[in-house]
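Data first, discussion second: the structure below is written as structure tokens.
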Amino acid sequence: MCPRLYAMVDCNNFYVSCERVFEPALEGRPVVVLSNNDGCVVARSNEAKALGIGMGEPAFKRERFFRANGVRVFSSNYALYGDMSARVHRVLNRFSPEIEHYSIDESFLRVQGDFARLLELSRSIRETVRRWTGIPVCVGLARTKTLAKAANRVAKKSPECEGVRLLHDEADVDAVLAGVEAVDVWGVGRRSARKLAALGVRTALDLKGMDEGRARRLLTVCGLHTVLELRGIPCIPLEQGPPPARSITCSRSFGVRISRLESLEEALAAYVQSAGEKLRRRGLLARAVQVFVETNRFASDPQYEAASCLPLETPTAYTPLLLATALKILRKLYRKGYKYQKAGVLLLDLVPEKGRQCSLLEPDAGELERRRALMRAVDAVNSRYSRDALRLAASGVGSREWHMRQEKLSRRYTTHWQELPLVR
């Protein structure tokens, strides 16, 4: 019987690759993408890595180095990256009915066949994704998801693999795992890696040979599953649908620190609108709202942070009600004299709209339907014309001081009519 394997498909330097799709002159040049507010480096091209630019480095400390070495710098363009990710996912769906879109740039596929056929399939995946989306990917094949991640890592780092690596033979598996540090094993965090290092477990091969009882005591049952997966025993199943959300959060750091309550209210209104859209898209209602504010803990100014929560009378996804509750909380939290760096809203205690428990406090059926119709209309307009085509007046009009700093933002090539690429 032909083996069933996991294929791990990972986009190479995904954010950078998205920028290169629409600006091919960036090929071969060092490129970095910065986090929100142009804070620190969150993605690097191979050329940028070769220059010694590390992940998480503060951008302001490297400005002179970037200019001296011709490094192209971009602000995070999540509208572009999210759309390109969806395109890659749609291409991958053609190759297997069993697929888990694990993250914005990673997917697991369940595939079956003899090894020659699976290697050919993996090359076809690479070629098709590159041709149809412009995004380069690598593929790792193995009996478990953890080993497939390790195989993908080898495929990326070894040019002779040409982007595809199969891990099956036991001696081959051990040779690869001996070259992988324990901290780089999928599912092993830095804290766990420190515990393992104290016991002399420094490589993935050491972890594979660890006593099962000891692994469970030290790393819980999740750690035990990792050990078994490294031995080729599947313990982590494919998740073909996302688990139900328990909460929805929307928060941002401001472009500049703000002191006025009015500015905080505008920012919070924008965040509540975004969170409400996510809530309705998932068919959920919220039963409580939480708001938090905080100053910049790295600044020398007086520090303040606070959070509070209020229950809603009845579960709802109606944005005006969510906003009224959030503003009520914010006005209690606000203190004059502080420079706020960040605020956010959490929608909590979520329940499915179709499975909610009815309450005598609910508005009558006509009013409920009017609210649903209004929210459907707003969501439909924003989905068709852009996410901010219709927004709450409370969030302000035009450029606001709390907006994120994105001084090096590329165009929204695939999601905005006015920013489509031109062909001459």
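The values are calculated or read from the model by the stated rules, or taken from the named source; none is laboratory data. Predicted model, so just to flag it, every value in this text is computed and none were measured. Here Cβ is always computed from backbone atoms with ideal geometry, including for glycine, and neighbour counts include all displayed protein chains. Side chains included, ligands, DNA and RNA excluded: accessible areas come from the protein's heavy atoms. Shrake-Rupley method; radii C 1.70, N 1.55, O 1.52, S 1.80 Å.
Among the residues of the range 305-322, the one identified as assigned to a strand (DSSP E or B), of a type in the set (S, T, N, Q) and buried (at least 20 other Cβ atoms within 10 Å of the Cβ) is Thr316.
Listed residues Leu330, Leu346, Leu374, Leu368; which is within 25 Å of the chain's Cα centre (by Cα) and either assigned to a helix (DSSP H, G or I) or modelled with pLDDT of 90 or more (or both)?
Leu346
Would you be able to say whether some residue in the range 78-98 is more than 30 Å from Glu120 (Cα to Cα), surrounded by 13 or more Cβ atoms within 10 Å (Cβ to Cβ), under 19 Å from the mean Cα position of the chain (by Cα) and among the aliphatic types (A, V, I, L, M)? Among the residues of the range 78-98, at least one is more than 30 Å from Glu120 (Cα to Cα), surrounded by 13 or more Cβ atoms within 10 Å (Cβ to Cβ), under 19 Å from the mean Cα position of the chain (by Cα) and among the aliphatic types (A, V, I, L, M), which makes the answer yes.
Select from the range 21-38 the residues that are open to solvent by 30 Å² or more (accessible area, probe 1.4 Å) and either touching a strand residue (DSSP E or B) at 6+ places or on another chain (Cβ under 9 Å) or in contact (Cβ under 8 Å) with a residue 60 or more places away in the chain (or both) and write down the one among them that is farthest from His403 (Cα to Cα).
Step one: list which residues in the range 21-38 are open to solvent by 30 Å² or more (accessible area, probe 1.4 Å), which gives 21-25, 27-29, 36.
Retained after the next criterion (residues that are either touching a strand residue (DSSP E or B) at 6+ places or on another chain (Cβ under 9 Å) or in contact (Cβ under 8 Å) with a residue 60 or more places away in the chain (or both)): 21-23, 29, 36.
Numbers: Val21: 27, Phe22: 26, Glu23: 26, Arg29: 30, Asn36: 10 Å.
Restricting to residues being open to solvent by 30 Å² or more (accessible area, probe 1.4 Å) and either touching a strand residue (DSSP E or B) at 6+ places or on another chain (Cβ under 9 Å) or in contact (Cβ under 8 Å) with a residue 60 or more places away in the chain (or both), the top hit is Arg29.
Residue by residue, here is whether (1) out of contact with any helix residue (DSSP H, G or I) (no Cβ under 7 Å at 6 or more places or on another chain); (2) closer than 28 Å to Val173 by Cβ; (3) in contact (Cβ under 8 Å) with a residue 40 or more places away in the chain holds:
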site: Arg72; (1), (2), (3): no, no, yes
site: Leu80; (1), (2), (3): no, no, yes
site: Ala86; (1), (2), (3): yes, no, no
site: His89; (1), (2), (3): yes, no, no
site: Val137; (1), (2), (3): no, yes, yes
site: Ala142; (1), (2), (3): no, yes, yes
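Test Thr144 against the stated conditions and say whether it is of a type in the set (Ser, Thr, Tyr) and either open to solvent by 30 Å² or more (accessible area, probe 1.4 Å) or closer than 21 Å to Leu118 by Cα (or both). For Thr144, the condition - of a type in the set (Ser, Thr, Tyr) and either open to solvent by 30 Å² or more (accessible area, probe 1.4 Å) or closer than 21 Å to Leu118 by Cα (or both) - is met. Listed by first and then second residue, the pairs with beta-carbon distance under 7 Å, at least 6 apart or on different chains, first residue in the range 397-424 and without any contact (Cβ under 8 Å) to a residue 24 or more places away in the chain, second surrounded by 16 or more Cβ atoms within 10 Å (Cβ to Cβ) and not acidic (Asp, Glu), are Glu419/Arg411; Glu419/Arg412; Glu419/Tyr413; Leu420/Tyr413.
Taking the range 280-300 as the range and being of a type in the set (Phe, Trp, Tyr) and open to solvent by less than 40 Å² (accessible area, probe 1.4 Å) as the test, only Phe292 passes.
Can you tell me which residue within the range 333-343, out of those that are among the basic types (Lys, Arg) and part of a loop (DSSP other than H, G, I, E, B), is farthest from the chain's Cα centre (by Cα)? Quick ask: steps written out before the conclusion?
Kept after step one, since they are among the basic types (Lys, Arg), are these residues of the range 333-343: 335-336, 339, 342.
Then drop every residue that is not part of a loop (DSSP other than H, G, I, E, B), which leaves 335-336, 339.
Numbers: Arg335: 33, Lys336: 34, Lys339: 29 Å.
Of everything passing the filter in the range 333-343, Lys336 is farthest from the chain's Cα centre (by Cα).
Against the list (1) under 26 Å from Thr226 (Cα atoms); (2) touching a residue at least 12 places away in the same chain (Cβ under 8 Å); (3) open to solvent by less than 70 Å² (accessible area, probe 1.4 Å); (4) outside any loop (DSSP other than H, G, I, E, B), the condition His168 fails is (4).
Rundown of residues vs (1) assigned to a helix (DSSP H, G or I); (2) more than 24 Å from the chain's Cα centre (by Cα); (3) over 19 Å from Phe95 (Cβ atoms), yes/no style:
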{"position": "Ala116", "(1), (2), (3)": "yes, yes, no"}
{"position": "Glu120", "(1), (2), (3)": "yes, yes, no"}
{"position": "Ile125", "(1), (2), (3)": "yes, no, no"}
{"position": "Ile135", "(1), (2), (3)": "no, no, no"}
{"position": "Lys149", "(1), (2), (3)": "yes, no, no"}
{"position": "Arg153", "(1), (2), (3)": "yes, no, yes"}
{"position": "Glu160", "(1), (2), (3)": "yes, yes, yes"}
{"position": "Val173", "(1), (2), (3)": "yes, yes, yes"}
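Residue-level analysis places Thr325 among those that are polar (S, T, N, Q), surrounded by 15 or more Cβ atoms within 10 Å (Cβ to Cβ) and closer than 20 Å to Leu261 by Cα.
Take Ser386 and decide whether it is at pLDDT below 90, under 21 Å from Pro320 (Cβ atoms) and among the hydroxyl-bearing types (Ser, Thr, Tyr). Criteria not met by Ser386. A Cβ distance below 7 Å, combined with a sequence gap of six or more or placement on separate chains, defines the contacts here; from the range 214-240, residues that are at positive phi reach residues that are of a type outside the set (Val, Ile, Thr) and buried (at least 16 other Cβ atoms within 10 Å of the Cβ) in the pairs Gly232/Arg143; Gly232/Leu147. Close Cβ contacts (under 8 Å, 6 or more residues apart or on different chains) running from residues in the range 150-162 that are under 15 Å from Ile125 (Cα atoms) to residues that are open to solvent by 80 Å² or more (accessible area, probe 1.4 Å) and not aliphatic (A, V, I, L, M) comprise Glu162/Arg123.
Just one of the listed residues (Gly189, Gly179) is free of Cβ contacts under 8 Å to residues at least 12 places away in the same chain and either farther than 18 Å from Leu5 by Cα or of a type in the set (S, T, N, Q) (or both), and it is Gly189.
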